[in-house]
């Protein structure tokens with residue numbers, strides 16, 4: 001496999017890393033699960049047939065995961081618990097299930113643990129059937145009091161065929177939001193500017209381009225075309241579309257909140273929401289020039 005250079009000091013690591021199937025070899029893509037930087041637990045469920053022994057293995061080693069157990073036909077499962085990530089970068093794990101029986105089969109799972117959360121991170125549990133809500137300590141500069149992420153729909157349809165900006169081989173992901181204004185409401189300008197604070201992070205670590213349909217005032221609930229909302233305090237639905245290369249999933253919905261300090265809000269699929277204070281000037285990731293280059 002490309003990139004598998006064996007050095008004496010790295011022989012054990014390289015041998016293990018090279019075992020993982022790759023799309024370069026024509027193998028099926030390896031499924032990936034995500035864990036927050038605060039640590040967490042996943043349960044890997046796999047289906048086996050005519051089996052006698054199931055051997056679970058991990059690299060780097062996950063405590064209490066590696067084991068060989070008796071098994072037969074049906075579903076088998078094993079949990080893996082990951083400690084908090086102390087690094088400022090992602091950690092990647094490879095899990096393997098080897099099934100011995102009439103034949104030998106191997107299944108793989110990749111686990112990506114996100115970087116350590118910023119100091120003072122707060123977690124709000126949420127899942128596919130509940131809202132991920134962030135209530136801000138004060139109104140943002142456009143009058144927003146709270147944000148709820150209801151869902152992310154992959155491969156969504158363009159609400160007005162032909163008006164969405166999509167490169168060949170790209171699809172649309174739709175983010176549905178519930179937004180709550182302060183007592184003075186939000187004006188139209190605030191709506192358009194608020195969309196610049198939103199981004200969809202893909203599995204390769206890049207940001208998806210926000211599709212221009214988000215700013216079409218003729219599209220119902222399109223965030224960039226809404227406004228004014230309130231006063232008084234009111235809740236409203238807003239939709240945001242992102243142009244995504246086919247084959248890429250998403251890892252988080254990010255919202256930059258600014259009121260003296262800068263906040264980033266992460267919403268992970270099935271894992272929850274983290275609200276973290278950060279004064280490192282993260283708003284530079286949401287400039288007009290950056291967004292306009294996507295259209």
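The values are calculated or read from the model by the stated rules, or taken from the named source; none is laboratory data. For clarity, every value in this text was computed on a predicted model and none was experimentally measured. Heads up, the Cβs are rebuilt from the backbone with ideal geometry, glycines too, and the neighbour counts pull from every protein chain shown.
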Item to check | Qualifying positions in region 224-250 - over 25 Å from residue 154 (Cβ atoms) and surrounded by fewer than 21 Cβ atoms within 10 Å (Cβ to Cβ) | outcome: 227, 228, 230, 231, 232, 233, 234, 235
Checklist outcome for this item: Restricting attention to region 181-230, the residues that are part of a loop (DSSP other than H, G, I, E, B) and over 27 Å from residue 138 (Cα atoms) number exactly 11
Checklist entry - In region 65-119, how many residues are under 14 Å from residue 39 (Cα atoms), in contact with a strand residue (DSSP E or B) (Cβ under 8 Å, 6 or more places away or on another chain) and surrounded by fewer than 17 Cβ atoms within 10 Å (Cβ to Cβ)? => result 5
Next on the checklist: Here is a check on your reading of the model: is residue 87 under 19 Å from the mean Cα position of the chain (by Cα) and touching a residue at least 24 places away in the same chain (Cβ under 8 Å)?
Outcome noted: yes
Checklist entry - In the set 223, 198, which member is under 25 Å from residue 34 (Cβ atoms), in the same structural domain as residue 249 (by TED's automatic domain parsing) and under 23 Å from the mean Cα position of the chain (by Cα)? => result 198
Item to check | Criterion (modelled with pLDDT of 85 or more, touching a helix residue (DSSP H, G or I) at 6+ places or on another chain (Cβ under 6 Å) and surrounded by 14 or more Cβ atoms within 10 Å (Cβ to Cβ)) met by exactly one of 262, 256, 214 | outcome: 214
Checklist entry - Just checking, which of 30, 35, 62 is at pLDDT 85 or above, surrounded by 12 or more Cβ atoms within 10 Å (Cβ to Cβ) and within 21 Å of residue 252 (Cα to Cα)? => result 30
Checklist outcome for this item: The residue from 190, 205 that alone is modelled with pLDDT under 90 and on the phi > 0 side of the Ramachandran plot is 205
Item to check | Sole exception among (1) at pLDDT 90 or above; (2) more than 23 Å from the chain's Cα centre (by Cα) for residue 289, by number | outcome: (1)
Item to check | The one condition in (1) surrounded by 15 or more Cβ atoms within 10 Å (Cβ to Cβ); (2) part of a strand (DSSP E or B); (3) at pLDDT 80 or above that residue 153 fails to fulfil | outcome: (1)
